[in-house]
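In what follows, a single structure is set out as structure tokens and then discussed.
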Amino acid sequence: MSYCDFAPGQPYHGPYHDREYGFPVKSDDALFERLVLEINQAGLSWLTILKKREVFRKAFANFDIEKVARFTPAKRAKLMTNAGIIRNRLKIEAAVENAKRIRALGSFAKWLDAHHPRSKDEWVKLFKKTFVFTGGEITSSFLMSVGYLPGAHEETCPVYKRVLNRKPRWAVT
């Protein structure tokens, strides 16, 4: 069963599937949010992450890259006590380190655009070289979710046409 078959009508998956998944994202902070959420999903269900999303936003300063890049060791330690997020030290450290790396890039969206188009394997190599905690699944899931790789929706899914109308990078050559 595909996500397009399963998600519609579900209280958490449905809105994400219908309004966000696969649609192009241009805001650096929104891109950072998706990357952090994908990293935190590793080993867990996407439903768990969607249910915790609002708490993640509060915990990670609304995914403001500048603010997260300045998280102190004390702030990171406090995150480890927040039951509303995934309390995994490696994932928390990855969020802070990746915020620093994105800040150094200047613009996450411009960086992604500058490296488009690439195959999935090429993207994975680039992400592994540029960021931390970004293996193949995390990288491809992130890129699919923000419109850089195809596959978020089946062509028969009603949302597919809406995504295409927004001109995701994978559909623009």
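The values are calculated or read from the model by the stated rules, or taken from the named source; none is laboratory data. Note that the coordinates shown come from a computational prediction; the quantities given were computed from them, not determined experimentally. Because the Cβ atoms are built from the backbone with ideal geometry, glycine has one as well, and the counts that use them run over all protein chains shown.
Restricting attention to the stretch 139-168, report how many residues are within 13 Å of the chain's Cα centre (by Cα) and of a type outside the set (Gly, Ala, Ser). Of the residues in the stretch 139-168, 7 are within 13 Å of the chain's Cα centre (by Cα) and of a type outside the set (Gly, Ala, Ser). Kindly check whether there is at least one residue in the stretch 70-88 that is in contact with a Phe, Trp or Tyr (Cβ under 9 Å, 6 or more places away or on another chain), modelled with pLDDT of 95 or more and within 20 Å of Gly135 (Cα to Cα). Yes: one or more hits. Test of understanding: among Glu66, Glu38, which residue is more than 14 Å from the chain's Cα centre (by Cα) and under 14 Å from Asn98 (Cβ atoms)? Going through Glu66, Glu38 in turn, the sole match is Glu66. Selection of the stretch 94-125 for residues being touching a Lys or Arg at 6+ places or on another chain (Cβ under 7 Å) and either aliphatic (A, V, I, L, M) or free of Cβ contacts under 8 Å to residues at least 40 places away in the same chain (or both) yields Val96, Ala109. If you check Thr139 against the conditions, is it of a type in the set (Val, Ile, Thr) and surrounded by 15 or more Cβ atoms within 10 Å (Cβ to Cβ)? Answer is yes for this residue. If you go through the stretch 47-62 and keep only what is touching an Asp or Glu at 6+ places or on another chain (Cβ under 9 Å) and part of a helix (DSSP H, G or I), you end up with Ile49, Arg53, Phe56, Arg57, Asn62.
If you check Phe133, Phe71, Phe127 for being closer than 26 Å to His13 by Cα and surrounded by 19 or more Cβ atoms within 10 Å (Cβ to Cβ), only one passes: Phe133. Do you know which of the residues in the stretch 1-29 that are of a type in the set (Phe, Trp, Tyr) and in contact with a Leu (Cβ under 9 Å, 6 or more places away or on another chain) is nearest to Ala109 (Cα to Cα)? It comes out as Tyr16. Restricting the stretch 6-24 to residues that are out of contact with any Ser or Thr (no Cβ under 7 Å at 6 or more places or on another chain) and touching a residue at least 60 places away in the same chain (Cβ under 8 Å), which is surrounded by the most Cβ atoms within 10 Å (Cβ to Cβ)? Here the residue is His17. Being buried (at least 18 other Cβ atoms within 10 Å of the Cβ) and of a type in the set (Val, Ile, Thr) is a property that Val55 lacks. Would you mention how many residues in the stretch 77-104 are loosely packed, with under 15 Cβ neighbours inside 10 Å and either over 13 Å from Asp28 (Cα atoms) or among the polar types (S, T, N, Q) (or both)? Adding up the residues that qualify gives 9. Number of residues in the stretch 136-155 that are touching a helix residue (DSSP H, G or I) at 6+ places or on another chain (Cβ under 7 Å) and either of a type outside the set (Gly, Ala, Ser) or not in a helix (DSSP H, G or I) (or both): the value is 13.
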